[in-house]
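I have placed the structure first, in the form of structure tokens, so that the comments after it can refer back to it.
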Amino acid sequence: MKKNISEIENFSILKKLRSERKITEEFEVMLNNISLEETIALKLELASKLVKGKLYGLNLFNNLPIIAKDAALKYALSACKTKQSAAAFLGIS
């Protein structure tokens, strides 16, 4: 599905997650006080807890660059007004 420019201009991960009631301002403050590495480690620990510590077979280490690139792309589309400016922001134009 192709997004038009106005959809990209109005997109914000923060607004999306707030409207879905997945995050609060208090959570944002707490998240801002930990490093990205701690955030990733915390997400992995929580995911592991759900499956009783068995995250085997996911090839996680090799997929980390893909996960990081996806996160950077989501942010760039949120922060930039057009796909072209998001590409330039990421240095992939």
Which labelled figure in (i) 13.6, 44; (ii) 15.9, 43; (iii) 26.1, 87 is Rg and Dmax of the Cα atoms in Å, once derived from the coordinates: (ii)
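Counting only helical runs of four or more DSSP H residues, what would the 222 nm mean residue ellipticity of the chain come to if each run contributes -39,500 (n - 2.57) and the total is spread over all its residues?
-20000 deg cm²/dmol
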Too-long pairs where the Cα-Cα distance tops 22 Å, listed order kept, from 49/69; 43/69; 15/83: 49/69
Gained length - residue 41 relative to residue 71, 0.36 nm times residue gap less alpha-carbon distance: 9.3 nm
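Can you compute the charge dipole magnitude of the chain about its Cα centre, using +1 on each Lys and Arg Cβ and -1 on each Asp and Glu Cβ, nothing else charged? Give it in debye, rounded to the nearest 20.
Working: 15 positive and 10 negative charges, 86 e Å.
Here the chain has a charge dipole of around 420 debye.
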Modelled FRET efficiency - R0 35 Å, residue 93 with residue 54, Cβ distances, 0.05 increments: 0.25
Qualifying chymotrypsin sites (Phe, Trp or Tyr not before Pro) for segment 49-81 [loop in DSSP, other Cβ within 10 Å: at most 15]: 56
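A short reminder: the numbers here are calculations on the coordinates, not readings from a lab. This is a predicted model, so every value here is computed, not measured. Heads up, the Cβs are rebuilt from the backbone with ideal geometry, glycines too, and the neighbour counts pull from every protein chain shown.
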